[in-house]
Amino acid sequence: AGHQLERLIWLLDLQLYVSRPNAPTPYEALIRAEEWGVAPPVACALLGLHRRLGGPPPPVGWRARVGLWAAGRAARLEHGPPWQLAQLGAQAVLAPDATTAARFLGHHLGRIARRRLRKLAPGATPEDWAG
């Protein structure tokens, strides 16, 4: 889900896993993912799998739906600032909680701002802001 389900082969791997005998149902997989603290990205991946390859619809919440929508938006954009913001939005909504999402966005938006500031004023900013 962190890569916005952009490669069909990754979904095929997931499909093969959930199609094997004695595989957990989507509901069981989400219960285990909740225990591990990774329910939103797992739910998004299961929803993407359902929409692209069929199978039973997973019992997902709004975060998985919004994450998949944002991933779809990013996939239709050319690489650039709008694409990057859509990618960050999709990943932030799939964070385990609001604090983690805020830290993630703060970190990445801060890096973007520092790199752009470095391009605008190379002599007035630290060298490590370039990359």
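Check whether at least one residue in segment 52-61 is assigned to a helix (DSSP H, G or I) and of a type in the set (A, V, I, L, M), and report yes or no.
yes
Take the residues in segment 75-111 that are among the β-branched types (Val, Ile, Thr) and either surrounded by fewer than 16 Cβ atoms within 10 Å (Cβ to Cβ) or more than 19 Å from residue 37 (Cα to Cα) (or both), then tell me which one is farthest from the chain's Cα centre (by Cα).
Per the stated criteria, the residue is 99.
Looking only at segment 23-48, which residues are touching a residue at least 24 places away in the same chain (Cβ under 8 Å) and not in a helix (DSSP H, G or I)?
Within segment 23-48, 25, 37, 38 qualify.
Filter segment 36-56 for residues that are loosely packed, with under 12 Cβ neighbours inside 10 Å and within 19 Å of the chain's Cα centre (by Cα) and give the result.
Scanning segment 36-56 gives 36, 37.
Could you tell me whether residue 51 is without any contact (Cβ under 8 Å) to a residue 40 or more places away in the chain, of a type outside the set (S, T, N, Q) and under 20 Å from residue 13 (Cα atoms)?
yes
Test residue 33 against the stated conditions and say whether it is of a type in the set (Gly, Ala, Ser) and over 30 Å from residue 110 (Cβ atoms).
The answer is no for residue 33.
Within segment 54-77, is even one residue at pLDDT 85 or above, under 27 Å from residue 19 (Cα atoms) and out of contact with any Phe, Trp or Tyr (no Cβ under 9 Å at 6 or more places or on another chain)?
Within segment 54-77, none of the residues are at pLDDT 85 or above, under 27 Å from residue 19 (Cα atoms) and out of contact with any Phe, Trp or Tyr (no Cβ under 9 Å at 6 or more places or on another chain).
Where the second residue is open to solvent by less than 20 Å² (accessible area, probe 1.4 Å) and modelled with pLDDT of 85 or more and the first is assigned to a helix (DSSP H, G or I) and lies in segment 83-94, which pairs have Cβ atoms under 8 Å and are six or more apart or on separate chains?
Cβ pairs passing all conditions: 92/101; 93/101.
The values are calculated or read from the model by the stated rules, or taken from the named source; none is laboratory data. These numbers come from a predicted model, not from an experiment. In this analysis, Cβ positions are derived from the backbone assuming ideal geometry, glycine residues included, and neighbour counts consider all displayed protein chains. Just the protein is used for accessible areas: all its heavy atoms, side chains included, with ligands, DNA and RNA removed. Shrake-Rupley method; radii C 1.70, N 1.55, O 1.52, S 1.80 Å.
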